[in-house]
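The values are calculated or read from the model by the stated rules, or taken from the named source; none is laboratory data. None of these values were measured; they are calculated from a predicted model. Cβ placement follows ideal geometry from the backbone for every residue including glycine, while neighbour counts extend to all protein chains displayed. Side chains are part of the model used for accessible areas, which takes the heavy atoms of the whole protein and leaves out ligands, DNA and RNA. Shrake-Rupley method; radii C 1.70, N 1.55, O 1.52, S 1.80 Å.
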Amino acid sequence: MELFEHLLFGTQTLFTPVNLAFCFIGVLMGTLVGVLPGLGPTAAIALLLPATFHTPPVASIIMLAGIYYGAMYGGSTTSILVNIPGEAASVITCLDGYQMALQGRAGPALGIAAFGSFIAGTISVVGLMLIAPPLAKFALAFGPPEYFSLMLMGVVVLIYLGSGSILKALMMAVFGLLVGTIGQDSISGTLRLTFGIRELYDGVGLIPAIMGLFGVSEVISNVEQAIKTEIISAKARNLMPNRQDWRDSFWPIIRGSVLGFFIGILPGPSSTISSFSSYALEKKVSGNPAKFGKGAIEGVAGPEAANNAATGGSFIPLLTLGIPANAVTALLLGAFMIHGVTPGPLLISKHPDLFWGTVMSMYLGNIMLLILNLPLIGLWVQVLRVPYPILFPLILLFCLVGVFSLNFSQAEVGLMIGFGAFGYAARKFQFELAPLVLALVIGPMIENYLRLSLIISRGSPWIFFRRPISAVFILITLTLLFSPFMPRIGRSRERFQ
Amino acid sequence: MKRVFFLLVGFFLFPASAVASDYPTKPIDVIVAYAAGGGTDVGARILAKVAPKYVSQPLVIVNKPGAGGEVGFMALAQAKPDGYTIGFINPPTIVMLPFQRKVGYKMSDFKYIINIMEDVGCLSVRTESKYKTLEDFIKDARQKPGEVTVGNAGAGSDAHMTAVDIARRANISVTPVPFKGASEARTAVMGGHVDAVVMKVGEAKPYVESNQIRILGVAAGERLKDFPQVPTFREKGILTAMTTTRAIAGPSGIPVAAVKYLHDQLKKTMEDPEFIELTQKTGVYVKYMTAEEYKKYIDGLEQTYGPMWKEMGKK
Amino acid sequence: MKRVYQTAGLCFVGLSAFVVWESWTLEYYTNLGPGPGFFPLWLGVVMGALSLAWFVQVSGRKGGPDDVAILPERAGILRILSTLAALAAMAGLMNLFGFQLAMFLLLVFLLKVLGRQALWVTLVVALLGSVGVYHLFGAYLDVPLPAAAVKLLANLGL
């Protein structure tokens with residue numbers, strides 16, 4: 001059938017020495033970039049773009065795409081090993097992944113993250129192949145009102161994320177929403193809560209915030225007690241996930257992949273939203289929600305699969321309609337243009353070699369990534385054996401350089417340190433940080449889309465109900481909010497607060 | 001004896017020619033006031049890629065994004081004027097910021113070297129739109145004041161100002177919808193969530209080619225080579241002409257010899273076919289302007305935007 | 001211990017009040033929907049309400065097994081504060097002294113003073129982490145870490 005011919009054609013295109021080499025270089029660079037915090041795929045692609053000016057288009061795109069999804073693999077490594085999320089999407093992996101590392105299970109955590117990402121990547125490529133064009137049209141139908149309603153549903157997700165007191169989770173969420181309002185309001189142009197500090201005009205940077213809240217605060221937490229040599233409570237046992245791990249992770253991976261894929265199609269911080277959503281979903285369907293946050297492998301498998309699948313999903317609007325979903329895909333778009341490839345519905349027909357070659361390269365890239373990352377697990381686990389008194393300064397070095405390399409801003413480094421102190425204090429009082437991060441990410445978007453929708457409707461709130469997709473989301477939100485399954489505010493969900 | 005004589009002569013002559021003959025002796029930092037991957041950044045990297053053919057030292061791109069460009073512009077204004085730090089300036093944004101709020105630089109802090117690129121503003125709709133020509137749009141807006149929605153790249157952005165200017169001169173009243181960037185605005189118009197969008201031709205071009213966007217009018221002095229069938233606003237009696245340019249400038253104390261060297265060598269870079277080809281692929285036009293011409297251009301912008309912003313009732 | 005919780009609660013309440021006060025000056029509502037002041041104001045109000053609720057909650061609680069000692073012991077506080085101060089100093093001095101010197105000093109402090117490592121370990125790691133990283137990032141990753149602003153140090157190659 002026709003699809004099979006396309007795949008064959010794509011494989012033929014891919015299996016030339018040049019394209020294969022570029023695919024490998026791309027995923028290798030992507031992994032490295034993903035492990036280093038701060039220096040994200042955007043910067044890496046921007047750096048390498050000029051180098052591709054004179055290389056053939058197909059090879060260039062294959063390489064640049066490889067950097068993008070390769071970076072997703074690397075991002076989980078530091079989250080698991082040292083509680084430093086390389087980017088917002090990896091924050092969730094810190095929650096259970098790091099706990100697993102502390103229990104001597106870093107190997108299985110890294111392993112399941114790698115395998116989960118591989119399976120998710122593969123599923124999303126299949127999805128890309130099969131249903132790209134109609135899905136893209138669907139994505140276009142999402143305007144500000146739909147995004148608002150969708151985000152509102154996301155707020156309900158927020159409530160599922162915490163495991164302790166709802167009151168405290170809400171406090172953190174509201175705090176996150178507040179921090180999100182800092183900066184220049186894009187709708188009116190006025191500055192909010194910036195106090196004349198120029199570096200705050202664009203808002204509080206997400207990377208400094210999460211690196212401070214997770215990475216730095218963890219170090220400070222450990223420094224508080226006498227600096228022990230080993231912070232890991234148990235010796236690293238096996239390096240690979242065992243059969244029980246696989247049994248536990250199978251369905252989370254599948255669910256995460258599907259969820260991440262569909263969320264990835266929508267523009268915006270889809271990998272972050274999908275990893276958070278997957279975590280919430282896994283907690284909801286789990287028979288034992290209390291184990292989340294203490295090293296549950298489902299808390300790593302699902303979200304890791306989700307954020308990788310989101311990456312694949314974000315290629316759909318890019319390749320079929322030329323719509324960039326985030327900064328990275330926007331760069332890839334620029335790369336297309338420089339190579340004379342016009343993005344849009346005609347891309348598949350005018351440049352079939354590019355489209356199918358890239359699709360096949362994503363399969364191959366995922367396989368390469370798996371092969372690359374698995375042996376590295378043994379290496380990474382050794383990192384944890386470095387005595388902590390030597391490790392923690394290196395972790396801080398890592399964070400400082402990572403944040404600084406983003407925008408060469410001393411202010412952001414200072415911000416990270418501030419968040420580190422705050423994160424430490426918050427943890428002392430047993431506040432959870434995940435709701436804060438999610439609020440930071442989607443808070444500004446909720447407000448933005450609400451106001452944009454009202455401008456478009458010239459003040460009428462009925463716009464949310466008149467449009468079918470938006471109405472559906474609102475209905476679901478209301479149902480969930482008032483359903484008997486929602487935890488009540490007064491009571492805590494667990495024994496302690 | 002003769003040898004010593006010549007050596008001495010050379011020794012004394014050397015300092016006089018020092019600046020002119022041995023600049024540059026180390027890499028030159030080029031400040032880009034926006035994040036890696038954005039339009040200005042990619043353009044800068046293209047320049048840095050082709051420049052080694054003409055400039056003896058590498059151009060190192062340093063991204064200093066923030067505050068809508070202010071962080072980078074300030075960094076340039078305050079940089080050491082030794083010829084080893086230059087940067088891209090982006091009018092009209094750089095000109096408009098001082099009107100919108102207190103900023104850490106003045107236009108007089110910069111010494112213009114050469115203008116490299118230009119991008120023209122345009123009004124576009126999606127191909128499925130009922131507006132086939134500029135007249136359709138204006139007619140509809142006149143009949144339904146305030147109902148037609150026009151997306152732009154954010155409050156206070158040049159796209160926003162262009163939209164306001166067009167509306168003012170065409171005597172229509174539209175509702176501006178400020179998105180968080182041109183990309184979002186463009187996606188919104190393609191999805192039919194707003195009726196039209198004001199953005200730069202560079203941002204629209206690939207989508208015109210793929211038949212998703214139709215440009216109704218361009219804000220240039222004369223019709224564009226790439227779109228000869230699209231009228232300029234001027235032709236239709238709307239006397240607006242809003243372009244964005246990207247020029248290289250240095251801090252105001254930069255040595256004359258460095259300015260001359262950079263100007264001459266970068267001009268050659270701009271005329272290099274590889275540079276022209278790559279730049280056009282990103283949708284912007286190569287446009288040379290001398291420093292004097294550029295100063296006149298900037299002054300003109302200040303005179304247009306200052307009063308306009310006040311009129312718009314902000315601050 | 002209750003005091004500490006209460007203080008924290010009050011801090012949040014204070015923060016909320018501050019936010020509400022700041023937002024008051026911003027435009028609350030425009031004819032096309034909420035203005036920039038709308039959200040921060042309400043968020044501040046909600047935050048204040050939640051903080052008060054928490055304050056009440058911790059005030060009413062009797063001491064129990066859940067009351068972990070919040071305040072760390074003196075030595076711990078000292079370690080935390082000195083780490084934070086060192087980090088802040090690094091951030092502030094990085095541009096002045098150049099990345100290499102500033103990071104070297106920071107690493108020496110963290111390794112030797114806080115971590116009590118042997119001198120040779122400290123020096124090796126500190127050198128690799130400062131000079132090594134500087135060159136690695138500059139040469140291979142195209143990320144120019146700051147060189148010293150002070151002339152003397154710059155001439156030394158820092």
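Tabulated values for the structure
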| read-out | value |
| --- | --- |
| Crossing angle, helix C:2-24 versus chain C [Cα axis fit, 0-90 degrees, rounded to tens] | 80 |
| Residue B:260 accessible area, 1.4 Å probe, all protein chains in place, Å² to nearest 10 | 120 |
| Compactness relative to 2.2 N^0.38 Å, alpha carbon Rg of the stretch C:2-60 | 1.34 |
| Solvent-accessible surface (1.4 angstrom probe) belonging to residue B:147, in square angstrom, nearest 10 | 90 |
| Positions from the stretch C:41-59 whose accessible area shrinks by 50 Å² or more when the full protein complex is built, not the chain alone, probe 1.4 Å | C:43, C:47, C:50, C:54, C:57 |
| Two-decimal Rg/Rh across chain C, once Rg and the Kirkwood Rh are taken from alpha-carbon atoms | 1.18 |
| Relative contact order (%) - the stretch C:2-60, alpha-carbon pairs under 8 angstrom, separation at least six | 45 |
| Residue A:6 accessible area, 1.4 Å probe, all protein chains in place, Å² to nearest 10 | 50 |
| Sulfur and carbon atoms: percent of accessible area, the protein assembly as shown [1.4 Å] | 66 |
| Where the stretch C:1-119 is the region considered: accessible area per residue in Å², 1.4 Å probe | 52 |
| Coil-residue trypsin sites (Lys or Arg not before Pro) of the stretch B:202-243, DSSP, other Cβ within 10 Å capped at 10 | B:225 |
| Size of the C/A contact, given as accessible area buried on both chains, probe 1.4 Å, in Å² | 5200 |
| Helix-only mean residue ellipticity at 222 nm for the protein assembly as shown, each DSSP H run of n ≥ 4 adding -39500 (n - 2.57), per residue, nearest 500 | -19500 deg cm²/dmol |
| Accessible area that becomes buried as A packs against B, both chains, 1.4 Å probe, Å², nearest 100 | 3800 |
| Members of B:80/B:200; A:291/C:112; A:168/A:284 lying beyond 30 Å, as alpha-carbon distances in this model show | B:80/B:200; A:291/C:112 |
| Listed residues A:98, C:134 arranged by accessible area, highest first, probe 1.4 Å | C:134, A:98 |
| Solvent-accessible heavy-atom area per residue, rounded to whole Å², over the stretch B:150-301 at 1.4 Å | 36 |
| The stretch C:74-155: relative contact order in percent, alpha carbon pairs under 8 Å with at least 6 residues between | 35 |
| Chains C and B, summed buried accessible surface - 1.4 Å probe, Å², nearest 100 | 200 |
| At least 20 Å² of accessible area lost relative to the chain alone, listed for the stretch C:85-114 with a 1.4 Å probe | C:87, C:91, C:94, C:95, C:103, C:107, C:110, C:111, C:114 |
| Mean shadow area of the stretch A:290-416, taken as a quarter of the surface of its Cα convex hull (nm²) | 11.8 |
| Exercise: per-residue mean of other protein chain Cβ atoms within 10 Å, A:403-415 | 5 |
| Cα-Cα over 32 Å, subset of A:283/B:180; B:26/B:64; B:64/B:281 | A:283/B:180 |
| List B:304, A:479, B:232, ordered by accessible area with a 1.4 Å probe, largest first | A:479, B:304, B:232 |
| Positive-end extreme of charge dipole, chain C - chosen from C:104, C:117, C:133 (charges on Cβ) | C:117 |
| Taking chain B and dividing mean pair separation by its residue count, relative contact order in percent (alpha carbons under 8 Å, at least six apart) | 25 |
| Compactness of chain A as Cα Rg over 2.2 N^0.38 Å, two decimals | 0.94 |
| Translational diffusion coefficient (Stokes-Einstein; Kirkwood radius from C-alpha pairs) of the protein assembly as shown at 10 °C, 1.306 mPa s, in µm²/s | 54 |
| Most to least accessible of B:25, A:31 (protein chains only, probe 1.4 Å) | B:25, A:31 |
| Acute angle (nearest 10 degrees) that the helix B:158-170 long axis makes with the longest principal axis of chain B, alpha-carbon atoms | 50 |
| Positions from the stretch A:165-185 whose accessible area shrinks by 40 Å² or more when the full protein complex is built, not the chain alone, probe 1.4 Å | A:167, A:171, A:174, A:175, A:178 |
| In degrees, nearest ten, helix C:74-97 long axis to first principal axis of chain C (Cα) | 60 |
| From phi via Karplus (6.51, -1.76, 1.60), per-residue ³J(HN,Hα) for the stretch A:207-217 in Hz, x at Gly/Pro | 5, x, 5, 6, 5, x, 4, 9, x, 5, 5 |
| Convex hull volume per residue for the stretch C:74-155, taking Cα atoms only, in Å³ | 96 |
